[in-house]
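Accompanying notes for the structure given below.
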Amino acid sequence: MHRRRRTALVLSAVIVAAGPLLTACGNEAHPGAAAVVGGQRITVEQLESRVNEVRSAQRAATTDQAQYEQTVARTAGLTRDTLHTMVLERVLERAAKDAGVTVTRNDTQQMRAALEQQAGSAKALETAWLQQYGVAPGRLDENLHTEIEAQKLAAALGADMNTTEGKATFWKAMSEASKKLDVDLNPRYGAWDVQKSSRVDVKTPWLREITSAGARQTA
């Protein structure tokens with residue numbers, strides 16, 4: 001399948017420099033929350049559920065335990081990456097709303113049909129998205145909705161994502177949306193860089209990582 005460049009999530013993944021405006025929330029302020037976005041909680045339970053969807057799909061796609069363990073090792077940061085995606089989806093939704101952008105079910109169906117044709121089948125597309133982007137098959141339509149939303153937002157902003165100026169315009173809108181939503185992360189998962197609309201790691205020596213066997217399976 002022709003590997004498409006994903007507008008929002010790929011660009012966010014290559015941002016490695018942490019900006020000066022970082023926000024994080026503690027368990028005492030938001031018990032049970034992995035993040036709070038626009039006053040709405042993303043609970044640890046919701047995060048773990050999303051991670052488990054991917055792990056279950058990866059397990060089903062592998063032929064033996066050794067292969068599955070290799071897959072888990074390659075995606076060791078799945079929990080943090082998944083939270084990044086969940087927060088970014090909400091930030092993008094706000095930025096799109098501010099720009100008057102909407103995405104219809106038909107938009108998503110058309111993109112999926114085109115991608116399935118490129119991939120050769122619906123199953124091949126699901127497998128490719130799972131392997132390349134860590135998207136569980138049941139979340140594919142949701143992920144494509146996000147992709148279209150990012151593309152439409154860039155178009156509404158007049159941002160050519162193939163240029164430095166276009167990317168700056170796009171991420172400025174995302175940064176503004178992040179500020180409006182007052183994104184807070186549980187420091188267990190890092191912090192949110194408001195300038196870049198991206199999760200970043202932070203040193204929190206006073207936090208002890210959970211290292212139980214069950215937690216390692218979903219890490």
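So Val54 passes all but one of these: (1) within 27 Å of Lys179 (Cα to Cα); (2) among the β-branched types (Val, Ile, Thr); (3) modelled with pLDDT of 95 or more; (4) buried (at least 18 other Cβ atoms within 10 Å of the Cβ). Which condition number does it fail?
Looking at each condition in turn, Val54 falls short on (1).
Sort through Thr75, Thr102, Thr85, Thr62 and tell me the only one that's among the β-branched types (Val, Ile, Thr) and touching a residue at least 60 places away in the same chain (Cβ under 8 Å).
Thr85
Which ones in segment 38-69 are of a type in the set (Lys, Arg) and either touching a Cys at 6+ places or on another chain (Cβ under 9 Å) or part of a helix (DSSP H, G or I) (or both)?
Arg50, Arg55, Arg59
Please give the number of the condition Ala122 fails out of (1) without any contact (Cβ under 8 Å) to a residue 60 or more places away in the chain; (2) surrounded by fewer than 20 Cβ atoms within 10 Å (Cβ to Cβ); (3) among the aliphatic types (A, V, I, L, M); (4) out of contact with any Asp or Glu (no Cβ under 6 Å at 6 or more places or on another chain).
Failing condition for Ala122: (4).
Which residues, counting only those in segment 44-80, are among the β-branched types (Val, Ile, Thr) and in contact with a helix residue (DSSP H, G or I) (Cβ under 9 Å, 6 or more places away or on another chain)?
Listed by number, the residues that qualify are Val44, Val51, Val54, Thr62, Thr71, Val72, Thr75, Thr79.
Which number in (1) more than 23 Å from Arg50 (Cα to Cα); (2) part of a helix (DSSP H, G or I) marks the one condition that Ala73 misses?
Of everything listed in (1) more than 23 Å from Arg50 (Cα to Cα); (2) part of a helix (DSSP H, G or I), Ala73 misses just condition (1).
Can you work out which of the residues in segment 125-157 that are over 20 Å from Glu93 (Cβ atoms) and more than 14 Å from the chain's Cα centre (by Cα) is modelled with the lowest pLDDT?
Among them, the one singled out is Gln131.
Look at Val103 and say whether it is more than 23 Å from Ala35 (Cα to Cα), among the hydrophobic types (A, V, I, L, M, F, W, C) and outside any helix (DSSP H, G or I).
For Val103, the condition - more than 23 Å from Ala35 (Cα to Cα), among the hydrophobic types (A, V, I, L, M, F, W, C) and outside any helix (DSSP H, G or I) - is met.
Do the conditions hold for Val101, that is, is it more than 21 Å from Val54 (Cβ to Cβ) and crowded, with 19+ Cβ neighbours inside 10 Å?
Yes, satisfied.
Given Glu116, Glu176, which one is over 15 Å from Leu88 (Cα atoms) and either within 18 Å of the chain's Cα centre (by Cα) or assigned to a helix (DSSP H, G or I) (or both)?
None of the other options fit; the residue is Glu116.
Given the structure, is Glu149 in contact with an Asp or Glu (Cβ under 9 Å, 6 or more places away or on another chain), of a type outside the set (Gly, Ala, Ser), within 27 Å of Val183 (Cα to Cα) and exposed (fewer than 15 other Cβ atoms within 10 Å of the Cβ)?
It is false that Glu149 is in contact with an Asp or Glu (Cβ under 9 Å, 6 or more places away or on another chain), of a type outside the set (Gly, Ala, Ser), within 27 Å of Val183 (Cα to Cα) and exposed (fewer than 15 other Cβ atoms within 10 Å of the Cβ).
The values are calculated or read from the model by the stated rules, or taken from the named source; none is laboratory data. These numbers were taken from a predicted model, which means no experiment stands behind them. Note: ideal-geometry Cβ built from the backbone for every residue, glycine included; neighbour counts use all protein chains shown.
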